[in-house]
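Here's the structure we're looking at; comments come further down.
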Amino acid sequence: MPLTRFYVSGEDSTNQSLADHHRLRWPTTAGETDTVKSAIGWWLPTLGQVPTQTIDLVRIAGSAYLVDRLSGRPSAFTRRLHLTVEVADPTPWEGEAINQLAQLLFWLTGDTWDLQLIQDPTIPETSAPMASDGVDAVALLSGGLDSYLGALHLLSTLSGPPLFVGHYDTATAVRRAQNTVHGWLQEAYTPPPSYTQIEFTQVADKKESSSRSRSLLFVALGVAVAASRHASRLFVPENGFTSLNLPLHPNRAGALSTRSTHPETFYRINTLLQTLNLAVAVANPFAEHTKGEEMRLVADRHPPGGWDRVAGLTVSCSKLDGARIKGGNSTLNCGLCYACVTRRGAFIAAGVDDPTIYLSDELTGDARLELLERRYSDRAAISYATTRGIDDDAIDAGTWPPDADLDAISDLARRGLAELGKVDLA
């Protein structure tokens, strides 16, 4: 397995000792270098005073995200990646923390990661003053349906509104959905909740489309914002059924992209944060619910009028490849991938009219036949799973946290499959 080497540093670093590495320079402040475009500086100066290990967590997670996108995936699937990152303080990472992070990246991406942390020779940038008003919780708001429902749920159940955080790169549809949700929340709630959108991406064209490491970057940004506002909780909303990442067919492994909120992922992230002495706990408020159940839970709390219209403008699609089809549109949910079928089943199960415009409903003739062919694998796996069910052996053989209730997981899987079965895949 060939080893690909990357070296990530601040924009002003002059360290040239690792000449055999691909060098990625992170801008000192919000801006762009020849390799990285970022709304947050190398020292996270705009977030205020945050623990050093939080700065380095964002650096490492952001670097892994860049490397993930810039490294082509071989036919053998697994890559071997060497990542060297300049950090503010390597000491907290010595021992367990660096090993925990390498294993977490392997779990998320399926790749072997060789991590090396070296002392950053640059001087810290002057940070913005620490925010005087703390918050109890921070919540990720991605532009997807689950995170939107999570925002409505948290706004109706927490004693005070959480601070919302979003990440976007080059995906136009995602940023548009985030802006739509943000604008509506500002109008619907008094006082309007705070929402911080952070851009971070590579400048060069990406070679890997899955971005399986994005979830770690998103959580790291959330942890950094939480630390800057003295928040002890970070919520990452996702329906519990999708989070299980169960294979729908014996020959089809669970999609690694959905491990972002797997119970094991949260267990590993929280273990890492504890090792780093960061007083932030990450949790999924919908861990025990299907997507339809979480939607019904939100609807029953009577959110502001128009919430269902905005739900239809969120983005759930895992493909967004509509532009490759004549007459298609890459900003529309396709309607036939696994994520879209889960979304459609949720509206049906919750008894909420679905206002989403799906590409599968917009295309006709040969164009629609092409979309059906592109989604054949997803459709066949869903049909198999809803007919045959998911074998308990697959659950027993899975990787779960020490306190996982496998009977509850099996029941959640059954309920989730029932929602998928409500959708017409033709």
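Any read-out appearing in this document is the output of simple, stated calculations on the displayed coordinates, not a laboratory observation. Since the model is a prediction, treat every value here as computed from it, not as a measurement. Ideal geometry is used to build each Cβ from the backbone, glycine not excepted, and the neighbour counts take in all protein chains shown.
Details
- Mean Cβ neighbour count within 10 Å, used as a protection proxy, ranking 116-126, 40-50 highest first: 40-50, 116-126
- Computed FRET value (nearest 0.05) for ASP353 with GLN274, which takes r as the C-beta separation and R₀ as 45 Å: 0.55
- Computed FRET value (nearest 0.05) for GLN49 with ASP12, which takes r as the C-beta separation and R₀ as 30 Å: 0.90
- From its DSSP helices (H runs of at least four residues, each -39,500 (n - 2.57)), the chain gives a residue-normalised ellipticity at 222 nm of -12000 deg cm²/dmol.
- Relative to the longest principal axis of the Cα atoms of the chain, the long axis of helix 96-109 lies at roughly 40 degrees.
- Long pairs among LYS291/LYS422; LYS207/LYS319; LYS37/LYS319; LYS291/LYS319; LYS326/LYS422; LYS37/LYS207, criterion Cα-Cα beyond 21 Å: LYS37/LYS319; LYS326/LYS422
- Cα-based shape type of the stretch 293-426, given that a ≥ b ≥ c are square roots of the gyration tensor eigenvalues and the cut on a/c is 1.5: oblate
- The magnitude of the dipole of the stretch 137-283, with charges of +1 and -1 set on the Cβ of Lys/Arg and Asp/Glu and taken from the Cα centre, is near 220 debye.
- Since only CYS340, LEU313, LEU363 are under comparison, the one whose Cα sits farthest along the positive direction of the charge dipole of the stretch 305-420, derived from C-beta charges on Lys, Arg, Asp and Glu, is LEU363.
- Farthest positive-ward along the chain dipole, Cα basis, beta-carbon charges - from PRO191, SER211, VAL50: SER211
- Pairs of alpha carbons in the chain whose separation is greater than 37 Å (percent): 22
- Amide H contacts under 5 Å for LEU24, placed H, 5+ residues apart: TYR7, VAL8, SER9
- The listed peptides 61-72, 239-250, ordered by packing as a protection proxy, come out as 61-72, 239-250 (highest mean of other Cβ atoms within 10 Å first).
- Farthest toward positive dipole pole in the chain [+1 Lys/Arg, -1 Asp/Glu at C-beta], among LEU272, THR126, GLY328: GLY328
- FRET efficiency for the VAL203 to ASP405 pair, using the beta carbon distance and R₀ = 60 Å, is estimated at 0.85.
- Student exercise, the chain dipole from Lys, Arg, Asp, Glu Cβ charges, in Debye to nearest 20: 940
- Simple spin-label estimate for GLN103 and ALA397 in nanometres, 7 Å along Cα-Cβ: 2.2
- Check: the stretch 315-426 dipole with +1 on Lys, Arg Cβ and -1 on Asp, Glu Cβ, in debye: 580
- Gyration tensor verdict on the stretch 62-142 (Cα atoms; rounded if a/c is under 1.5, prolate if a/b is larger than b/c, oblate otherwise): prolate
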